[in-house]
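These notes concern the structure reproduced below.
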Amino acid sequence: MRMRALAGAMAVTCAAGCALGCAVGPGYHRPDLQMPANWRPPSAIDDSVRPFFDSLAHSRDSLGRTPRSELSDTAANLAWFGLFQDGVLQQLVRTAVQENRDVRVAVATIDEFRADYGVARGALFPRLDLSAQGAKQKIVFAGAQSFTFEAYNVVGNVTWELDFWGRLRRSAQAARADLLTQKENARAVVLTLVSDVASAYLQLRQLDLNLEITRRTLASRQQTLRLASFRYSQGLISELDVRQFEAQVADPAARVADFQRQVAQTENQLSVLVGHHPGPIPRGRSIAEVLSAVSVPAGLPAMLLERRPDVRAAEAELTAATARIGAAQGARLPQFTITGQYGSQSSRVSRLFESNTDIYQINAAVSVPIFTGGQLSNEVRAASARAKQARYRYEQTVLVALQEVENFLAAVRTDRDQVVAQQTQVGALQRALHLATQRYEEGISNYLDVLDAERSLFTAELSLTQAQLQQLVDVVQLYKALGGGWPATTTAPPPR
């Protein structure tokens, strides 16, 4: 009864001390970064050429071409899986998130820091140990007299540091912020993985289209070579014409082999990203179909940057560094510790816990650092310096994030115009090749017109696929730069 009352008094005293004690050191307050409300508008030059690109797009639409992808005037609640409406790509992303080894490493790292946080929080609570001991001793007194006895005891030991100044609480706050940092780092790994899978898949679909264009061009040039050979056999053209057509066949033939190599390497890259052995990758929608389904909101407020894992991780690092200032300051103040033990001791094991066998002890101690050679004060200065570094890294991370979003917004805006221009060029060159071939077959024009038209069309078609890929990749990078997407509450500015 006496021990229970004593233990209750200790608990009340400790709880009162912890409740009344204030945590030393500065509390965390988010720095005022003065974020812009909106992104920078298009330049005056962009506005001046806008009617031209719009006219090109309208002209292509009126001819029944594939509808162009454009920036939406209203923002939709687009999750990642709704950004590109391709079932195969969505499944690849799901598999990658589940099977990728880098993601598994990130998850295991979170488990490690969660355990570290538990260790830091554990210091706030009393430590209870149970020990048992049995001994047989012989004591020799003066005059050569000896005495032999046995002693057995079971004792519970309690150790508790009273966190009057909040040193342990600040350490726990820092450990919790470290855990949040690792969670955001894991989100960054997943976000990077998703963008890498999407970019690689889109590149694969572009290579597929390039391979299709190249094979089609090769077949067309082989047909033209057969026609030239026939006309040469009829004495209508010279051998020089035939050799010129023959040389033109070699270019797409070499490109076919090159694109086949790139397709295999990209499939291997995708296989590793999704956590599988290198192998073939299934295909979904064509790059033109994917492009036509993409819609990006025109108005995206800068506060969306708070979704970015690197920004949130940098802020968590600043929170941890700020808390560690308090932990370092608390180490310079007196430390109060209560230790105690309670148990039973007897000369026989069978008599343990009988009346008059209980033993107990309670100690209260205070430790005051007097002289440490400047060690503790320098630890406070070092913690303050690390907090300054963390703040500057946080501010720099936000600035870089703003730059990345601005860059990709401008890229997506101009990519659309480039694709429209390239589509117009391809359409014109297709018609030019048809006319040149028709005139050559009728003997009206020479082989040079056909060769020039074929070369120009081949180059323009490959440039178009590259422009389409670049637009889609920039959308992926914009998604990544915004931390994973944009919410439904985003509003767009009024149309110009």
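Report note on the peptides 317-325, 147-155: ranked by the mean count of other C-beta atoms within 10 Å, highest first, their order is 317-325, 147-155.
If packing is taken as the average count of other Cβ atoms within 10 Å, what order do 240-246, 204-210 fall into, highest mean first?
Numbers: 240-246: 16.3, 204-210: 21.6.
Answer by packing, highest mean first, reads 204-210, 240-246.
For the listed peptides 363-371, 110-118, a ranking on the average number of other beta carbons within 10 Å per residue, highest first, reads 110-118, 363-371.
Treating only the Cβ atoms of Lys and Arg (+1) and Asp and Glu (-1) as charged, compute the dipole magnitude of region 113-209 about its Cα centre; round to the nearest 20 debye. Can you show the working numbers first?
Values: 12 positive and 9 negative charges, 45 e Å.
For region 113-209, the charge dipole is close to 220 debye.
Computed from the coordinates by the stated procedures, all read-outs in this text should not be read as laboratory data. These figures come from a predicted structure and were not determined experimentally. Neighbour counts run over all protein chains shown; Cβ positions are idealised from the backbone, glycine included.
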